[in-house]
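Reading through the structure tokens given below for one structure.
The values are calculated or read from the model by the stated rules, or taken from the named source; none is laboratory data. Model, not experiment: these values are computed from the prediction. Neighbour counts are summed over all protein chains in view; Cβ atoms, including those assigned to glycine, are modelled from backbone coordinates with ideal geometry. Heads up: the accessible areas ignore ligands, DNA and RNA and are worked out on the full protein's heavy atoms, side chains in. Shrake-Rupley method; radii C 1.70, N 1.55, O 1.52, S 1.80 Å.
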Amino acid sequence: MFIFFLNIGNELTFKYIDSLAKGFVLINITNHNLSTKEYLLNKPQPKFPNWSEVLHKLFHTDTFNEAGLNHNSLSHLMHQLETLEKKYVFPISEPDMMVQSFESSSLRKLSLTDLSEEEILVQYDKEVADTNQFTVLGDAQTMQYLRVHSKVSGLLEVPSPDDLTLARICGMDDDYELYHPEDVIHTIRFGLVTLLVISTMGMEINPFSDNYEVEFRMGFNSPERFKTVKRNCKLSNKGKDEIGTRHFDVWTIEDGHSEFSNVKATINIRHNQSLRVACKVLFFVTNCILLDITPRDAILANCLNKYGYKYYREQLNELCNSYFRESQEQYDSESTSNMKSNLIKKINARIVENTKTQEFKASVQKRSLHFKCGQLGILQMPAFLEKCIWQGVEF
């Protein structure tokens, strides 16, 4: 869309060329006493696509098709999301509801490895023997830990390996402090997002090779229990009938919270570049959908965090112009100020909803915008996704 202003005497006219129009439309606005500034202030803003439109575009790209994802994959993913939204009211207020929503039946579509589960366990146990790491074998169907290495007692200061349970990690037992009120619901949501993504029809995950990583805190009352956890989770393959229902973890434990910035989670695919890109994109999109963060919200959040309050409007306009090769200002100071204000209110609401206990709900609101966006997982948008969103913007 292009607009040309013509000054003819005291009259202001402009030519409007719409990409959908077949010709030029000449409009005289003198009689309406509409100034150039007033017109620009009332000019419609760019219309961003919704996530459904973005997903449809993504699943028709060469990258997604090369990853083995097609229209059936999209339908399957959308069905999973719709089922989840019907079953639960978002935002989830307690983590156990999300834990109970895990379903592993669709995970039984993985490649087999030559090594057995027991051989893998023995190998990793040797590798972590003299480190700040321990191993865990879990069952995704029963939501239980089947085997926890004895090193956990010293590293997490729990009486025995049996004391490390999913319920306690998910914030259901304050006595052990095996979670952090600001992190736990985000950690569970990221686990749910991972399950939704890797169980999508067409996904091929290699056990013991591809993995899911998440970083979070434990401890919130007793300083001696303050720990930072990096969990590396690989799907296991005990047997053909149980493929994908079990997972093998390596937990790395650091004392304190001083080096922690925010909860981080990612799916790492090593055997297929296109699938690696697709997984990271779908992880970001699915997480935003669960949080009710729109594509425009995500674009603006990244601009604010990258360029700050002083320069984000300039950068937003430059992004518009770079994708559509225009030199006019799409967003004025008033419109971007309103967008920023509404986004910050939404982010504050989401961060409070996804934090446990009234004490931490109050304190987390005082944290920086960067921390809040990081906790929500809406920063560092994949470049492939950002390009796809802008291609769907209507001017």
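What does the charge count near residue 213 come to, summing +1 for each Lys or Arg and -1 for each Asp or Glu among other residues with Cβ under 14 Å from its Cβ?
On the way: positive: 230, 231, 234, 264, 270, 276, 280; negative: 210, 215, 249.
Residues close to residue 213 contribute a combined charge of +4.
Taking the highest mean first, how do the peptides 49-59, 277-287, 363-373 order by number of other beta carbon atoms within 10 angstrom per residue?
Highest to lowest by the protection proxy: 277-287, 49-59, 363-373.
With a probe of 1.4 Å, find how much accessible area region 299-395 has per residue, and write the answer as a whole number in Å².
51
Less than 19 Å from a label point 7 Å out along the Cα-to-Cβ axis of residue 147: which backbone N atoms in region 247-265 qualify, by residue?
247-252
Quick one: if you stick a label point 7 Å off each Cα along the C-beta vector at residue 258 and residue 62, how many nm between them?
5.0
Cross-link list 47/280; 361/387; 230/310: which exceed 27 angstrom alpha carbon to alpha carbon?
Listed pairs above 27 Å: 361/387; 230/310.
Could you tell me which of rounded, prolate or oblate describes region 173-302, using a ≥ b ≥ c as the square roots of the eigenvalues of the alpha-carbon gyration tensor, with rounded for a/c under 1.5 and, failing that, prolate when a/b is larger than b/c and oblate otherwise?
Numbers: a/c = 2.11, a/b = 1.26, b/c = 1.68.
Taking the square roots of the gyration eigenvalues as a ≥ b ≥ c, region 173-302 is oblate.
Would you mind telling me the share, in percent, of accessible area of region 289-384 contributed by carbon and sulfur at probe 1.4 angstrom?
Carbon-and-sulfur percentage of accessible area, whole number: 47.
Using a/c under 1.5 as the rounded threshold, could you call region 274-395 rounded, prolate or oblate? The axes a ≥ b ≥ c are square roots of the C-alpha gyration tensor eigenvalues, and prolate needs a/b larger than b/c, oblate otherwise.
Here region 274-395 falls in the oblate category.
Using the Karplus curve 6.51 cos²θ - 1.76 cosθ + 1.60 with θ = phi - 60°, work out ³J(HN,Hα) for each residue of region 256-271 in order, rounded to whole Hz, and write x for Gly and Pro.
x, 10, 4, 8, 7, 10, 6, 4, 10, 8, 7, 9, 10, 10, 9, 9
Let's test the formula: R0 of 45 Å, r as the Cβ-Cβ distance of residue 162 and residue 348. What FRET efficiency results, to the nearest 0.05?
Step by step, r from the Cβ atoms, then E = 0.70.
How large is the charge dipole for region 115-230, taken about the Cα centre, if only the Cβ atoms of Lys, Arg (+1) and Asp, Glu (-1) carry charge, to the nearest 20 debye?
180
Tell me, what is the per residue accessible area of region 248-291 in Å², probe radius 1.4 Å?
Averaged over the residues of region 248-291, the accessible area is 35 Å².
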